[in-house]
Amino acid sequence: MSENIETTKCLIIGSGPAGYTAAIYAGRADLQPLVYEGLQPGGQLTTTTEVENFPGYPEGTQGPEMMEEFKKQAARFAGDIRFGMITDVDLSERPFKATADDGKTIVADTVIIATGASAKWLGIESEAEYNGYGVSACATCDGFFYKGKDVAIVGGGDTAAEEATYLAKLCNKVYLIHRRDELRASKAMQKKVFETPNIEIIWDHTTKEILGKTEGFSKAVTGAIIENVKTGEQKELTVDGFFVAIGHNPNTDLFKGKLDMEDTGYLITAPDSTKTSVEGVFACGDVQDHIYRQAVTAAGTGCMAAIEAERFLAS
Ligand code: NDP
């Protein structure tokens, strides 16, 4: 066989909590998994700072450090963890075939997809500058750091509504900034938002700039400049945290037309399982979960995917 063709019992695509956990379980089950980490090894957690809600870290930890630990643990058991992208897959017959950007063709008995999702961002310069320093796309992850403070959240869908009500329980005041004059969120979620006294909805506004300060090696958000889309009038909000909740894009372009997915692009898995529409292909983590999107749930489904791959091979 050419040196550019490799075989594996289990190819894992992606390397957030789901991919690395799948690697730990598949490795310990002697599947000698081959992991292609993707463009952002460690996934979305590498763009956060403090993580306090992952069990086992009583003092909390830093997202990037936690993912380094995940990787080290995965490397103890997984055959091979590589920095690189899978650029094409053929899932039409078994064994499956995948092409990697290092020129290799991987022939795999099972495939575990853990390519995650990417938060949508507003795309303004200051948002990137303060990302992880007051700008966040996950209120459940980072809301706690703004206890008793004033924060803003952008969006008008269910995520923004749900996260605004979550933040309202922790924070002094929550400004919900929406670009239109009605919310897209479900009526039930809208009702919750309207009935929460410390949420103030700022209709018809977009964010022009996120303001902040630099303190030594650290940075912090101090406010935002927002603009009324109807009048063009700008005003400044004073906030310590700025949350963006304008949706996520699952990283599933590679699987279009090859696996069943929802209209929104999330891979469809069987109930209580990580099985996709192709036997022997499993999906775990945010690529198949638009509801919970937590590191711990991603790790849980990563474990499920490896166990299901092992059982599939054994049958
Ligand atoms: P959605 O796509 O439903 O909503 C995104 C929101 O962000 C919209 O209000 C949109 O405005 C706004 N938006 C998009 N781009 C920009 C931008 N560049 N600048 C400013 N605002 C912007 O995403 P969600 O994450 O809220 O929800 C995704 C799916 O998950 C939905 O189907 C939702 O129902 C579901 N979900 C369900 C939950 C539940 O049942 N508990 C909880 C969370 C999500 P506009 O309205 O003008 O388009």
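The values are calculated or read from the model by the stated rules, or taken from the named source; none is laboratory data. Predicted model, so just to flag it, every value in this text is computed and none were measured. No Cβ is skipped: glycine too gets one built from the backbone with ideal geometry, and neighbour counts run over all protein chains shown. The area values use the complete protein model at the heavy-atom level, side chains included, leaving out ligands, DNA and RNA. Shrake-Rupley method; radii C 1.70, N 1.55, O 1.52, S 1.80 Å.
Axis angle, to the nearest 10 degrees, between helix 17-28 and the longest C-alpha principal axis of the chain: 20 degrees. Accessible surface calculations at 1.4 Å, restricted to protein heavy atoms, place the chain at 49 Å² per residue. The mean sequence separation of alpha-carbon pairs under 8 Å and at least six residues apart, normalised by the residue count of the range 121-244, gives a relative contact order of 30 percent.
Note on K191: accessible area is roughly 120 Å² with a 1.4 Å probe, heavy atoms of protein only. In the range 121-244, the inverse of the mean reciprocal separation of distinct Cα atoms equals 14.3 Å; this is its Kirkwood hydrodynamic radius. One decimal place: the segment R180-Q62 gains 38.9 nm when fully extended, by the rule 0.36 nm per residue minus the C-alpha distance. Protection proxy ranking, highest mean first, for peptides 111-122, 29-40: 111-122, 29-40, where packing is the per-residue count of other beta-carbon atoms within 10 Å, averaged.
Entry note, the chain: relative contact order of 21 percent, from Cα contacts under 8 Å with a spacing of 6+ residues. Summary of packing: across the peptides 177-184, 194-201, 280-287, the per-residue average of other C-beta atoms within 10 Å ranks them, highest first, as 280-287, 177-184, 194-201. Taking label points 7 Å from Cα along the Cα-to-Cβ direction, F194 and E233 give a separation of 2.4 nm.
Once neighbouring chains are kept in place and the probe is 1.4 Å, which whole percent of the accessible area of the range 1-95 is contributed by carbon and sulfur?
47
For the chain, the alpha-carbon radius of gyration amounts to 1.08 times the rule-of-thumb value 2.2 N^0.38 Å expected for a compact globular protein. With contributions of -39500 (n - 2.57) from each DSSP H run of at least four residues, the per-residue ellipticity at 222 nm computed over the chain stands at -7500 deg cm²/dmol.
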